[in-house]
1. In segment 45-58, which residues are surrounded by 10 or more Cβ atoms within 10 Å (Cβ to Cβ), of a type outside the set (Asp, Glu) and closer than 17 Å to residue 19 by Cα?
2. Taking residue 42 as meeting all but one of (1) surrounded by 12 or more Cβ atoms within 10 Å (Cβ to Cβ); (2) in contact with a Ser or Thr (Cβ under 9 Å, 6 or more places away or on another chain), write down the number of the exception.
3. Output yes when any residue across segment 19-26 is of a type outside the set (A, V, I, L, M), touching a Lys or Arg at 6+ places or on another chain (Cβ under 9 Å) and part of a helix (DSSP H, G or I), and no when none is.
4. Taking the condition in contact with a helix residue (DSSP H, G or I) (Cβ under 9 Å, 6 or more places away or on another chain) and either more than 15 Å from residue 74 (Cα to Cα) or loosely packed, with under 14 Cβ neighbours inside 10 Å (or both), does residue 36 pass?
5. Restricting the search to segment 42-71, which residues are among the hydrophobic types (A, V, I, L, M, F, W, C) and under 21 Å from residue 28 (Cα atoms)?
6. Looking only at segment 26-75, which residues are in contact (Cβ under 8 Å) with a residue 24 or more places away in the chain and among the basic types (Lys, Arg)?
7. Of the residues 39, 61, only one is modelled with pLDDT under 95 and over 26 Å from residue 23 (Cα atoms); which?
8. Quick check on segment 62-72. Is at least one of its residues part of a strand (DSSP E or B) and open to solvent by 90 Å² or more (accessible area, probe 1.4 Å)?
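The values are calculated or read from the model by the stated rules, or taken from the named source; none is laboratory data. In this text the structure is predicted, and so the values were computed from the model without any measurement. Neighbour counts are summed over all protein chains in view; Cβ atoms, including those assigned to glycine, are modelled from backbone coordinates with ideal geometry. All accessible areas refer to the heavy atoms of the entire protein, side chains included, with ligands and DNA or RNA removed. Shrake-Rupley method; radii C 1.70, N 1.55, O 1.52, S 1.80 Å.
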Amino acid sequence: FGPLASRQKGIGSALVQYVEEYARECGCISVDINVINVRSDVIPWYSKRGYEVFATKPYPRPESCTRPVHFLSMRKVL
C-alpha cells in the first residue's frame with residue numbers, strides 16, 4: 001500500500017481526462033498544472049498527454065528541502 005500502489009492502473013489518466021473534458025464544457029481554452037521538479041517521473045507523464053512547461057515558480061519553503069526545489073508550470077491547450 002502507498003503512493004506507488006496506484007501506479008499503472010489508469011487512475012491518473014482518467015482523472016486528467018475528466019478534468020480536461022470538464023474544462024472544455026466550461027469553455028476553458030487550456031488547463032494549467034504545477035509540478036514539483038523533484039518528481040521528475042511526472043514531467044514526461046504530463047508531456048506525453050500534451051502538457052508543455054511554460055514557466056517556473058519558486059517553492060514556498062525552500063529551507064525545508066535538502067535539494068533545489070521549484071515548481072514547473074505546465075499547460076495544455078484544449
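1. Scanning segment 45-58 gives 45, 46, 47, 49, 50, 51.
2. Of the numbered conditions (1) surrounded by 12 or more Cβ atoms within 10 Å (Cβ to Cβ); (2) in contact with a Ser or Thr (Cβ under 9 Å, 6 or more places away or on another chain), the odd one out for residue 42 is (2).
3. Taking every residue of segment 19-26 in turn, at least one turns out to be of a type outside the set (A, V, I, L, M), touching a Lys or Arg at 6+ places or on another chain (Cβ under 9 Å) and part of a helix (DSSP H, G or I).
4. Judged against the criteria, residue 36 is not a match.
5. 53, 54, 55
6. 49, 67, 75
7. Just one listed residue meets the conditions, 61.
8. no
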